[in-house]
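Encoded as structure tokens, the structure appears first; notes follow it.
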Amino acid sequence: MAKLAVAFFLALIAISMLQTMVMASHGRGGHHYDQKRYGPGSLKINQCPSECTRRCSQTQYHKPCMFFCQKCCRTCLCVPPGYYGNKQVCPCYNNWKTKEGGPKCP
């Protein structure tokens, strides 16, 4: 019985390590975004308001979020998926900084 428990435990460790390696090999921690929808230059300027409304819908600072999101969208033609983070999908959006070096785009 002890050998069976050890074998089961080792199998769980092996499965966990395999899952970690597979997720790391994709480079995004398991998140797959459609590059045609979210990549650089994936939007037209007239799509910016609706994408920024989605992006800023969960923040308590809605007006500044919308202002900067639309400014970034007009320049980069890209808005990252989700409400926060995921900026690696849009390099222009991610790399645009303020004078102080902070992120310009929400």
Chymotrypsin sites (Phe, Trp or Tyr not before Pro) within segment 59-106: DSSP coil, no more than 11 neighbouring Cβ in 10 Å: 61, 84
Anisotropy class of segment 46-101 from Cα gyration tensor, a/c 1.5 cut: rounded
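All of the numbers you see were taken from the coordinates with simple rules; none came from a lab. The structure displayed is predicted, hence computed values, not measured ones. Glycine also receives a Cβ, built like all others from the backbone with ideal geometry; neighbour counts cover every protein chain displayed.
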